[in-house]
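J.: I'd like to ask you about the structure that follows.
The values are calculated or read from the model by the stated rules, or taken from the named source; none is laboratory data. Computed from a predicted structure; not experimentally measured. Every residue, glycine as well, gets a Cβ built from its backbone with ideal geometry; the counts of neighbours run over all protein chains shown. Surface areas here come from the heavy atoms of the whole protein model, side chains and all, with no ligands, DNA or RNA. Shrake-Rupley method; radii C 1.70, N 1.55, O 1.52, S 1.80 Å.
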Amino acid sequence: MVNVKGKWCLITGASRGIGYNIAIFMAKHGANLILHSRNKEHTVKVLEQVKSMGVQAFAVEAELSSMDSVQKMLGEIDGSGVNVEIVFNNAAVQIAYRTEYFKTPVSDFTESFNINTIAPVMICYHFLPKMIENGFGRVINVTSGIKNEPEQAGYSASKAALDKVTTDLGSKLDGTDVMISLTDPGWCRTDLGGPKAPNSPESSIPGMCVAAFVDDKKSGRLFPAQMFTGMELSEAVTKAEKEL
């Protein structure tokens, strides 16, 4: 199992929900954190919390629908001099639930793809070459199990596209210690999932983070977070390496 203590970890959408829970979990295991949100003010609370746990951390901001904003954020991270070894592409947007789905506007797709697909892919492209050069890295892209719901076409299609890019990149990395994976939190009661979701955000832990700790050099896998609910991390990692 990978020891993440002292490794720098970027988490997008870290101010609340699933991203917040990822940040707290990774800090508990000693990872240093770069906490992204649309506005640094949103990460003040979680930044204070993780620093109180004895790790280094700082906040960055970017509007993920703007590639200029994403590139500015990546430049700021590079300028900090830290070596990013773990990336959680967690941030996403669900534009609307369209009961009249044949009237879905083009903007549902353009905005969804910019934030849910293009931004995380650009982040992958930025950090993966450095990880390959250094011989270690973990990229975890957060996906969704939504299917057969044209009411959410923009969201689900953008996540399907992210799945495709992830598995394609995984084919090039398989067998190395630079691993790229997908993880699905399940339907959780977050701002995106809504109050009727059956699962708490906390139930996605440790599952959302297992892909950062597995050490079997297999890329392109999906880690369904709910299959690890309630487990200790070591137990979850063993289960993942045996069953996925």
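J.: Pull out a ≥ b ≥ c, the square roots of the eigenvalues of the alpha-carbon gyration tensor of region 128-244, then state rounded if a/c is under 1.5, prolate if not and a/b is larger than b/c, and oblate in the remaining case.
T.: It comes out oblate by the Cα gyration axes.
J.: Averaged across orientations, what area in nm² does the convex hull of the alpha carbons in region 187-244 project?
T.: 4.1 nm²
J.: Quick one: which of 177-184, 166-173 comes out on top by average Cβ neighbours within 10 Å, and what's the full order, highest first?
T.: The packing order, highest mean first, is 177-184, 166-173.
J.: Name the long-range amide H neighbours of L33: under 5 Å, sequence gap of 5 or more, or other chain; modelled H, no Pro or chain starts.
T.: C9, Q56, A57, F58
J.: Distances over 12 Å make up what percent of all Cα-Cα pairs in region 19-60?
T.: Tail of P(r) above 12 Å: 48 percent of Cα pairs.
J.: Assuming 1.567 mPa s and 4 °C, estimate D for region 1-117 with Stokes-Einstein, Rh taken as the Kirkwood radius over Cα pairs, in µm²/s.
T.: The diffusion coefficient I find is 86 µm²/s.
J.: Follow-up. With N residues in region 150-210, what two-decimal value do you get for its Cα radius of gyration over 2.2 N^0.38 Å?
T.: 1.36
J.: Still on this structure: What value in Å³ per residue do you get for the convex hull of the alpha-carbon atoms in region 46-174?
T.: About 131 Å³ per residue, rounded to a whole number.
J.: Then there's this: Which value, in Å to one decimal place, does the Kirkwood hydrodynamic radius take for region 32-98 when every pair of different Cα atoms is included?
T.: Hydrodynamic radius (Kirkwood, Cα pairs) of region 32-98 is 13.2 Å.
J.: Using bins 10 angstrom wide from zero, how does P(r) for region 83-126 break down, in % of all Cα pairs?
T.: Taking every Cα pair in region 83-126, the percentages come to 24, 42, 23, 9, 2.
J.: Using every Cα-Cα pair within the chain, state what percent have a distance larger than 33 Å.
T.: Of all Cα-Cα distances in the chain, 11 percent exceed 33 Å.
J.: When ligands, DNA and RNA are left out and all protein chains stay put, how many square angstrom of accessible area per residue does region 1-102 have with a 1.4 Å probe?
T.: Here the residues of region 1-102 average 48 Å² of exposed surface.
J.: In addition: Considering only protein heavy atoms and a probe of 1.4 Å, how much of the accessible area of the chain is carbon and sulfur, as a whole percent?
T.: Roughly 51 percent, rounded to a whole number.
J.: A further question follows. How much area per residue is accessible in region 144-203 when the probe is 1.4 Å and only protein heavy atoms are counted (Å²)?
T.: Averaged over the residues of region 144-203, the accessible area is 49 Å².
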